[in-house]
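Novice: Sharing a structure with you now.
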Amino acid sequence: MTLDMVCNFRKCRKSLSNHAWVTTCSHAFCIEHGQQEFKRNAENSLTCPACGSELRDKFDVIQADLKPTETFKSIVLAGLKPDTIMDVAMRAMSFWSYQVEQETLYQETLAKHSKEKLQCLEEVNTLNLQKLKAELENSKRKIASMQIDFNKKRKQAEELAARLEEKTRQIQKLTFQLDAQKRKDIRLKDLEDKNDKQEKVMNITDLVGKRAASEAFIFKPLKEIENPHRICSPKTPMFDFRHKSKRPPSFQFRPIHS
């Protein structure tokens, strides 16, 4: 596969396939940039946009047909001597070789720059990879440490939960015992209050059964008058008859224990 020439204008690099502007300094340009750069006028001489060489002669730059017709090929070198034809062919081959060499150098330079850039990127990538590996190892260590702490905390939580459950059972047991003791105390208190009331209640039958044969109940007024000469019987109640004209005082029944 034959390589196509490219425009030697620095910012173009367009492939040349049909027509091109060529110079005696072995440079080629596309139609657009050739018309822009090689406008002839009487005052200024032309210069090559690629190398800066002066192009003074009218044949120093021409517009060439890169795909000539068969008629042009048969007539362009017709009538020339073989040495002239060989000289023209050698110069044409030199022009082509120069273009190929320049393109090769350009591609090699571009490849070199790309390789250097790739190497720099690889170094940066290596540094980033090492940094990421270090961060990953650090993160793994942190995760392992956190896992150990988590296991310790979970074990402590389980122990505390077991202790809490045990304390809860103890509290429930003590609460049950306390309620039982309260109920027991209430029953004892009710029983004591009942016994106290029974002791306070006076049973006359018991008193009569327990009293001596000579004992008797004596009815006395609230304001008893001391009289050593009163006449009474042990079995007869004692009355005061000195105030017959007056209203008898109220009596209160109360036993007198000897």
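The values are calculated or read from the model by the stated rules, or taken from the named source; none is laboratory data. Only a predicted model underlies this, so the values are computations on that prediction, with no experimental measurement involved. A quick note on method: Cβ atoms are made from the backbone with ideal geometry, for glycine too, and the neighbour counts reach across all protein chains shown. The area values use the complete protein model at the heavy-atom level, side chains included, leaving out ligands, DNA and RNA. Shrake-Rupley method; radii C 1.70, N 1.55, O 1.52, S 1.80 Å.
Novice: Provide, for q = 0.20, 0.22 Å⁻¹, the log10 of I(q)/I(0) from a solvent-free Debye sum over equal Cα point scatterers in segment 79-166.
Specialist: -0.97, -1.02
Novice: Of the listed pairs LYS133/LYS153; LYS11/LYS39; LYS131/LYS155, which have alpha-carbon separations greater than 24 Å here? The partial results should precede the final answer.
Specialist: On the way: LYS133/LYS153 30 Å; LYS11/LYS39 19 Å; LYS131/LYS155 36 Å.
Over 24 Å apart, Cα to Cα: LYS133/LYS153; LYS131/LYS155.
Novice: Considering amide H positions built from the backbone, and no H for Pro or chain starts, which residues 5 or more places from ALA28, or on another chain, come under 5 Å of its amide H?
Specialist: ASN8
Novice: Tell me, what is the Rg over Rh of segment 118-163, with Rh the Kirkwood radius over Cα pairs?
Specialist: 1.48
Novice: So what are segment 1-67's ellipsoid semi-axes, whole angstrom, largest first, if each one is the square root of 5 times an eigenvalue of the alpha-carbon gyration tensor?
Specialist: 21, 12, 10
Novice: Using a 1.4 angstrom probe with every protein chain in place, what is the largest-first accessible-area order of ASP193, ASP4?
Specialist: Numbers: ASP193 65, ASP4 95 Å².
Ranked list, largest accessible area first: ASP4, ASP193.
Novice: Sticking with this structure for a sec: Put +1 on the Cβ of each Lys and Arg and -1 on the Cβ of each Asp and Glu in segment 79-166; which of MET93, ASN128, LEU118 then has its Cα farthest toward the positive end of the dipole?
Specialist: The listed residue farthest towards the positive side: ASN128.
Novice: Another question about this same structure. Hey, how many Å between the Cα centroid of segment 97-124 and the Cα centroid of segment 1-30?
Specialist: 20
Novice: Quick one: check the C-alpha center-to-center distance for segment 170-190 versus segment 45-74, whole angstrom.
Specialist: Result: 124 Å between the Cα centres.
Novice: Near LYS115, within a Cβ-to-Cβ distance under 11 Å, what is the net charge of the other residues, with Lys and Arg +1 and Asp and Glu -1?
Specialist: Details: positive: LYS112, LYS117; negative: GLU108, GLU116, GLU122.
Net charge in that neighbourhood comes out at -1.
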